[in-house]
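The values are calculated or read from the model by the stated rules, or taken from the named source; none is laboratory data. Fair warning: this is a prediction, and the values are worked out from it, not measured in the lab. Note that each Cβ is placed from the backbone with ideal geometry, even for glycine, and that neighbours are counted across all protein chains shown.
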């Protein structure tokens, strides 16, 4: 039996985990931490620091811990995208499974921007007694992690009905220091005569000029609404943090929804899903060819390639 522990209260995680519903030998276990606040944080810190295992917990419910303790030693556990070290230290004490894998769904540099904190964070994860795997080749090489494919899911149920592609280039996401690049690509696309829709939410505690605020939207876009915009777009935009080499969810969205991708990730040319007619790499392809690239048709992706990234097949490597 494979037990997948995931933060299913997040729509994107739940959306991907839905693919495992009804799969024999697999159980998705919603991660049980929902409380916030100073008191809860202090309780987690104290409990994670204790050198002994107790049956009770102030950090997690008794029901959640009982489900963890019910996992057999011969079972396998995949911790999917849960990267709070204090929570993981508590969880590991209640899990008897011999095979325990932690999949970091965020690149290490995205989770901790400070280089020293990144190193401390990854060492803490590796010290939990789990195999740590990542989709980012640079993280795998730099930190000695096992490299696996990025994961998404089949979207056939979301492709029913005809939807007009009335947007040429679509982006959604938080600024995260990317606004200068986003503004440049927005201007380039408009100059090429493309129809553009960017939904950029601001970073907290950052001051913006009036010109910058014109590109921002105050509220995040729920992922369910994002999928509706994806269907209307001919090309999705992926803007990554410096040195990120692995594909983000945006890249997989483009592949599974059959759209093109404009990316700032130089390593995209090494992806198994890359074809020059479908993926435009900023800084690699000629800037003045962007309009022609988006307007040109492109061949469909081999279903066998997509299957490698589909949760229905992807999870099997952790059993």
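When the test is whether a residue is farther than 20 Å from residue 257 by Cβ, at pLDDT 95 or above and touching a helix residue (DSSP H, G or I) at 6+ places or on another chain (Cβ under 7 Å), residue 187 does not pass it.
Evaluate the following for residue 60: is it assigned by TED's automatic domain parsing to the domain that holds residue 131, more than 18 Å from the chain's Cα centre (by Cα) and modelled with pLDDT under 70? So residue 60 fails the test.
Would region 167-178 turn up any residue that is surrounded by fewer than 17 Cβ atoms within 10 Å (Cβ to Cβ), farther than 30 Å from residue 20 by Cα and within 21 Å of the chain's Cα centre (by Cα)? There is at least one residue in region 167-178 that is surrounded by fewer than 17 Cβ atoms within 10 Å (Cβ to Cβ), farther than 30 Å from residue 20 by Cα and within 21 Å of the chain's Cα centre (by Cα). Of all residues in region 179-209, those being exposed (fewer than 13 other Cβ atoms within 10 Å of the Cβ) and in a loop (DSSP other than H, G, I, E, B) number 6. Condition check for residue 70 on (1) surrounded by 19 or more Cβ atoms within 10 Å (Cβ to Cβ); (2) within 17 Å of residue 28 (Cβ to Cβ); (3) more than 26 Å from the chain's Cα centre (by Cα): one failure, at (1).
Looking at region 279-319, what helices (runs of 4 or more DSSP H) fall wholly within it and have at least 1 residues that are under 24 Å from residue 166 (Cα atoms) and either at pLDDT 95 or above or outside the structural domain of residue 27 (by TED's automatic domain parsing) (or both)? In region 279-319, 290-295 are the helices (runs of 4 or more DSSP H) which contain 1 or more residues that are under 24 Å from residue 166 (Cα atoms) and either at pLDDT 95 or above or outside the structural domain of residue 27 (by TED's automatic domain parsing) (or both). For region 222-244, enumerate the residues that are at pLDDT below 95 and part of a loop (DSSP other than H, G, I, E, B). Once the filter is applied, which keeps residues that are at pLDDT below 95 and part of a loop (DSSP other than H, G, I, E, B), region 222-244 yields 222, 240, 241, 242, 243, 244. When we screen 313, 298, 309 for residues that are in contact (Cβ under 8 Å) with a residue 12 or more places away in the chain and in contact with a helix residue (DSSP H, G or I) (Cβ under 7 Å, 6 or more places away or on another chain), the only hit is 309. I'd like to check something: does region 249-262 contain any residue that is under 25 Å from residue 192 (Cβ atoms) and at pLDDT below 95? No, region 249-262 has no match at all.
Could you tell me whether region 130-152 includes any residue that is touching a helix residue (DSSP H, G or I) at 6+ places or on another chain (Cβ under 6 Å), surrounded by fewer than 18 Cβ atoms within 10 Å (Cβ to Cβ), more than 21 Å from residue 252 (Cβ to Cβ) and free of Cβ contacts under 8 Å to residues at least 60 places away in the same chain? No, that holds for no residue.
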